[in-house]
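Down below is the structure, laid out as structure tokens.
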Amino acid sequence: MDFGIAGKKAIVGGASAGLGKACAISLAREGVDVTIVARTRANIEAAAEEIRTATGVKVTPVAVDITTDEGRAEVLKACPEPDILINNSGGPPTGNFRDWDRDAWIAALNGNMLGAIFFIKDTVDGMISRKFGRIVNITSSAVKAPISILGLSNGARSGLTGFVAGVAREVAKHNVTINNLLPGDFDTERHQSNTRALAKKQNRPYEEMRAIRTGLVAAGRFGEPVELGNYCAYLCSTQASFITGQNLLIDGGKYPGTF
Ligand code: NAP
């Protein structure tokens, strides 16, 4: 299937590793020019070179914190008229809700709710005027099935989800879609460090904790980042113009509910 997005321009957050990098690669394979963002300059430049070599598209690395106003302004300087926006950054730390003070909550809200909301605000009107836009927010399966040690994530991402539910309906008639992708367990650095935290909390070896987590996934394995990247690229395709305002789980069947 030709996704019909060759030549479009995308901004992809958190893209030197893990899920964000996978989204950037899948979009680049469709011929999309990508502006990719992470805080660590050496890593984002290495990812840019890798994607450029593999796909031949224009890849622009930007080394900033995408959750800050200054960081997003830098990104928009590099890509002022994006057709596609993939909102993604690191997740908040794990922990116990009794230890989280106001500063911890504000940091989580900035990182996993407000940053994405402001980026949508900054880009959506341009998409409306060009009559094409695709916004995908990488959130978490924790939005549907909360994980107690990830309370900061459960709360902040649910706020983003509520905002998106409203605004997606407002902009749909302009061929601008906004969807949330909810990853379950994907084998990334972030996932491995969460497994380490759980292992420590339960006083188990890392490998045992990893096996326990794998056993909870109906597919019997963790997801590969490319599987999420390809789903994301499809949501950005011309074919996906009738899908909007949705919370789309990609979790190998781990979520046990019928709906
Ligand atoms: P990861 O492997 O840790 O990669 C995170 C990427 O984002 C890196 O490139 C990192 O580079 C960049 N990044 C982090 N904070 C940033 C910031 N403030 N500004 C710009 N770039 C930033 O994480 P991942 O597993 O791909 O997860 C991506 C998102 O999906 C996270 O929000 C995570 O909570 C969520 N998620 C993941 C899973 C999973 O199974 N992996 C499941 C549910 C939800 P720098 O550190 O250099 O900035």
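The values are calculated or read from the model by the stated rules, or taken from the named source; none is laboratory data. Because the structure is a prediction, the values reported are computed rather than measured. Because the Cβ atoms are built from the backbone with ideal geometry, glycine has one as well, and the counts that use them run over all protein chains shown. Just the protein is used for accessible areas: all its heavy atoms, side chains included, with ligands, DNA and RNA removed. Shrake-Rupley method; radii C 1.70, N 1.55, O 1.52, S 1.80 Å.
Here are the numbers:
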| quantity | calculated |
| --- | --- |
| Hey, ASP33 open to solvent by 30 Å² or more (accessible area, probe 1.4 Å), of a type outside the set (Phe, Trp, Tyr), within 14 Å of the ligand (Cβ to nearest atom) and at pLDDT 95 or above or not | no |
| Residues (touching a Leu at 6+ places or on another chain (Cβ under 8 Å) and of a type in the set (A, V, I, L, M)) located in segment 143-188 | VAL143, ILE149, ALA156, LEU181, LEU182 |
| Members of segment 187-202 found to be within 11 Å of the ligand (Cβ to nearest atom), open to solvent by 10 Å² or more (accessible area, probe 1.4 Å) and under 18 Å from GLY215 (Cβ atoms), listed by number | ASP187, HIS191, GLN192, ASN194 |
| Subset tally (residues that are in a helix (DSSP H, G or I) and at pLDDT 95 or above) for segment 202-225 | 11 |
| Inter-residue pairs, beta-carbon under 6 Å, first in contact (Cβ under 8 Å) with a residue 60 or more places away in the chain and in segment 153-173, second open to solvent by less than 40 Å² (accessible area, probe 1.4 Å) and of a type in the set (Ser, Thr, Tyr), 6+ apart | SER153/SER140; ALA168/THR244; ALA172/THR244 |
| Residues that are farther than 16 Å from LEU198 by Cβ, aliphatic (A, V, I, L, M) and surrounded by 20 or more Cβ atoms within 10 Å (Cβ to Cβ), drawn from segment 144-167 | ALA156, LEU160, VAL164 |
| Every residue from segment 168-180 that is buried (at least 18 other Cβ atoms within 10 Å of the Cβ) and part of a helix (DSSP H, G or I) | ALA168, VAL171 |
| Residue that is most open to solvent (accessible area, probe 1.4 Å) [pool: residues in segment 14-30 that are away from the ligand (no atom under 14 Å from the Cβ) and in contact (Cβ under 8 Å) with a residue 40 or more places away in the chain] | ARG29 |
| In segment 120-143, residue surrounded by the fewest Cβ atoms within 10 Å (Cβ to Cβ) [restricted to those that are free of Cβ contacts under 8 Å to residues at least 60 places away in the same chain and in contact with a strand residue (DSSP E or B) (Cβ under 7 Å, 6 or more places away or on another chain)] | ILE128 |
| Residue within segment 88-100 that is free of Cβ contacts under 8 Å to residues at least 12 places away in the same chain and out of contact with any strand residue (DSSP E or B) (no Cβ under 7 Å at 6 or more places or on another chain) present | yes |
| Any hit, segment 2-13, residues being surrounded by fewer than 24 Cβ atoms within 10 Å (Cβ to Cβ), at pLDDT 95 or above and within 11 Å of the ligand (Cβ to nearest atom) | no |
